[in-house]
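Following: one structure in structure tokens, then a few remarks.
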Amino acid sequence: MCQLDRFMLWVDAVGGYWVCLNNEILLGQPIDRAGVDVPILGDLSHAHARVRRDGEGYLIEAIREVRIDGRKVAGASPLIDGSLVQLGPNVKLRFRRPHPLSATARLDFASSHRTQPSADAVILMADTCILGPKPTSHVVCRKWPGEVVLYRHDDKLFCRGPGVLEIDGRQYAQKGPISRDSRISGEHFAICLEKV
Amino acid sequence: MNVPRTQASEPGPAAAQAKRFTYPGGSKPLDGFTIKRGVGHGGFGEVYYATSDAGKEVALKLIRRSLEVELRGIKQCLNLKHQNLLGVFDIKEDDRGDHWVIMEYVAGDCLDEVIARHPDGMPAHEALAWLSGIAAGVGYLHDHGIVHRDLKPGNIFSEEGHVKIGDYGLSKFVSCSRRSGHTESVGTVHYMAPEVANGRYGKEIDVYAMGIVLYEMLTGRLPFEGESVGEVLMKHLTAKPDVSMLEEPFRGVVARALEKDPAKRFSSVEEMLASLPIDRSSGVLPHARVTQAADGANGSNGAAHTWQAAACAAEVRPTADDEPILRELRKALQSVREWCRDSSPGVHVAKVALVALVVVMTASYWLPLAVPALFFYAVYRIIRAIVYPGGSPACPRSTGAAPVAPRDVTRGGVASNGASREEARGRRHYRQPRPYEPPTPALIVKSGRERVADLLGSMLLAAVVSIVMTLAIAAATPALGWQVAPEVFAYILLASIAGSWFVLVPSKFWEGTRGDSLLRRLVMMAMGVTLGVFAWGAMQWLAVDPQDLDRFPEDHYALFRHARGAGQWPLSICLVAFGTLMLIVRWWLQADPLRRLRVSLWPTAYSMIAATLVAMVWHAHGWALVAVAGIMSLSIQVASPWLDPRPRQPKLKA
């Protein structure tokens, strides 16, 4: 459907984030042919579970063994902020909806597993992805003075931030279009997108 | 192939000072590695996260202008192996003559961040787990004749529960560069033993640094803080650390580790560890707990357990923003409530009825006292609010369930600290601590057009609610045996609608932002003055007899009766009355989408009490102003959008 499906978001001095744009994502083992959106290097099936954004809410569909807060999921189960998702015997993810006004969610790794290639967290981006100092940000950048927002409009990605933004060598005032492999920098930050 | 350096980062110290990284993600300054992102800046250079062509994750440390003698220090450490030391794989030179240290990359927490998450210190067992890991690594270095010299939380990491120390062997750069006069990171100075000033670099300086790190882990702050590097250095040289808040054995251990004379300190890391209740074989962090703590800190926003924790904290701790008189009063009320509480419902009802009876029977005694007391209290609160617009001066931090970053206070991280203090302030609008931060990005999520549409909807709804409420009051007054002319209700209705709109419009623009409370009050006051003009116009147009407004239903409230004489009021009396009403009530909070309940009667009661006081002070508008305030408050709350603060079960399609 949507041509932008996922990318890595590298944030200088903060971390690397695996961003998925689709409303439905498949979690599983990192095997090329499986069409897995979030490949996790863990004891999982090729296609282990599906997470679906349904309007404002999120739903997880178990294809193989999935537990939410210790309870086994048969079929599907809603995800709420703070849910601990266990895939297979060991892989644990914490589901977060940090911002009350954004449908974007984040999956933090609660076990030592990581995506392949490795990311610090997975972001299920709805319309906006907020990078900023507050705990309500999707990407918490503790030392930043202000917020930078990636957002989607008509299936295109844009970036908004304070002051002048330099996107792929061009200068924009406050906002500008970005692609899946853009480099964006402002006065206090630098981020870089990478196709995966 | 190499990607050229970006414009902003031509060689020179400027790039480092601006806290920007020389190489952006995707560049390949060193053959065989692709940089993904910058990680941080040390005193010696930049650190990047990179992957090799085959996909191996590494940390790359860029060392500029490196001298052979400096490189020798790192080369010494190339083949050290210990589970608590960050692995160093190799050192390579790029085409420009810059050296790169290829190191193990750690995805876990940095001790720096963990300390920041525990502003009042971490649990002792956790601190001990870190310390024993640090001690094991440092002990190994000492055993190999190497002094770390730059131990600090920013160099200490945890991965899968194991403590890892980085930057050993590199710290010589710090000393070399300092001598050659380059500006360097000053973070290190907080952990620097006094004898370093004289050029002594024995292993006692690592013991000293460990003492500071232990102190910081246990208390959340540094023993020696200062405005400048010089001040901190001076304290290291002369000041005695305040260890009074530590318990034994920590107090003694920290005090001895921080002795000014290196000879008086522990002679070795092992000796220091032996004085602490540590399982010496460990050095393994309780991983699950650390992760959990991380969860709590990162997402203090709405996880079910965090919400509960916040609610419990609110019960245990009297709300921090309380002003002392109110707090005492609330405590008294609480004790009455406790007394009333009973397992059997019959007794409970009887007790409540008894209390109510006593209150009503004695009303004629305390009511005349209560009204002026309330008035003086209100004046006191206003002055207090003006003096401390943000919150209580006594305990500014304890409101914050969110992570506060006290470390930044001491190290010039002004921005983030300022932000967290602002957040703490922002959360005191209602008595219960809110697990949400006020979301500035509401502005991002909502476009201007949506906002205007929202506003129009709210205004329409507010008008409807005002009409309903006014009709209800109009229907109720005859039942009370109280005759009021119909134009008075028309006046109340118009004033209420206009009043709620005057609140809704600015509140819509302030939605999701934090702002200066005093400034907002003043804006509201300006709105109130405008409202006063409107009300005065409405009064003229409807030919309302001020006598009808100027009266409270019961004549024995002599305070409310006063001789203004017949005839119309001057405009000024409307201006001051409405202006004051809008100034003393923080109306915008009732329109805040993040208020705790959609409609709460407390703000309404508060607004009506404020209106009563205004009517008394200005001898104007009597009961009509109280009615207007009540209607405004309810219609604003009903009409403003509201977000349920608790995480709700998402609605699922069948």
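The values are calculated or read from the model by the stated rules, or taken from the named source; none is laboratory data. Fair warning: this is a prediction, and the values are worked out from it, not measured in the lab. A quick note on method: Cβ atoms are made from the backbone with ideal geometry, for glycine too, and the neighbour counts reach across all protein chains shown. In case anyone asks, the SASA skips ligands and DNA or RNA and just uses the protein heavy atoms, side chains included. Shrake-Rupley method; radii C 1.70, N 1.55, O 1.52, S 1.80 Å.
Things to note:
- Answer residue from region B:455-513, given it is in contact with a Ser or Thr (Cβ under 7 Å, 6 or more places away or on another chain) and within 14 Å of chain A (Cβ to nearest Cβ) and is least open to solvent (accessible area, probe 1.4 Å) among those: B:GLY512
- Which numbered condition B:ARG5 fails, given (1) at pLDDT 85 or above; (2) within 14 Å of another protein chain (Cβ to nearest Cβ): (1)
- In region B:232-280, the qualifying residues are those that are basic (Lys, Arg) and without any contact (Cβ under 8 Å) to a residue 60 or more places away in the chain, and the one that is least open to solvent (accessible area, probe 1.4 Å) is B:LYS235.
- Residues within region B:595-618 that are under 28 Å from the mean Cα position of the chain (by Cα), aliphatic (A, V, I, L, M) and either within 16 Å of B:MET469 (Cβ to Cβ) or open to solvent by less than 10 Å² (accessible area, probe 1.4 Å) (or both), tallied: 2
- Helices (runs of 4 or more DSSP H) wholly inside region B:568-654 containing at least 1 residues that are at pLDDT below 85: B:571-584, B:601-618, B:622-639
- Any chance A:ASP81 is open to solvent by 10 Å² or more (accessible area, probe 1.4 Å), in a strand (DSSP E or B), closer than 25 Å to B:GLU160 by Cα and free of Cβ contacts under 8 Å to residues at least 40 places away in the same chain: no
- Residue check for A:GLY15: within 14 Å of chain B (Cβ to nearest Cβ) and either of a type in the set (A, V, I, L, M) or open to solvent by 10 Å² or more (accessible area, probe 1.4 Å) (or both): no
- Hey, B:GLU195 modelled with pLDDT under 85, open to solvent by less than 40 Å² (accessible area, probe 1.4 Å) and closer than 26 Å to B:ARG251 by Cα or not: yes
- Filtered by the rule that a residue be open to solvent by less than 40 Å² (accessible area, probe 1.4 Å) and modelled with pLDDT of 90 or more, region A:48-72 gives A:HIS48, A:ALA49, A:VAL51, A:ARG53, A:TYR58, A:LEU59, A:ILE60, A:ALA62, A:VAL66, A:ILE68.
- Filtered by the rule that a residue be more than 16 Å from the chain's Cα centre (by Cα) and in a strand (DSSP E or B), region A:55-78 gives A:GLU61, A:ALA62, A:VAL66, A:ARG67, A:ILE68, A:ARG71, A:LYS72, A:ALA76, A:SER77, A:PRO78.
- Residues that are charged (D, E, K, R), touching a residue at least 12 places away in the same chain (Cβ under 8 Å) and more than 8 Å from every other protein chain (Cβ to nearest Cβ), drawn from region A:156-196: A:LYS156, A:GLU166, A:ASP168, A:LYS175, A:ARG180, A:GLU187, A:LYS195
- Matching residues, region B:96-118, being out of contact with any Ser or Thr (no Cβ under 8 Å at 6 or more places or on another chain) and either more than 13 Å from every other protein chain (Cβ to nearest Cβ) or without any contact (Cβ under 8 Å) to a residue 24 or more places away in the chain (or both): B:ARG96, B:GLY97, B:TRP100, B:VAL101, B:ILE102, B:MET103, B:GLU104, B:GLU113, B:HIS118
- Candidate set: region B:87-113, residues that are small (Gly, Ala, Ser) and within 31 Å of the chain's Cα centre (by Cα); chosen: the one surrounded by the most Cβ atoms within 10 Å (Cβ to Cβ): B:GLY108
- The set of residues in region A:177-196 being open to solvent by less than 20 Å² (accessible area, probe 1.4 Å) and outside any strand (DSSP E or B) consists of A:SER182, A:GLY186, A:PHE189.
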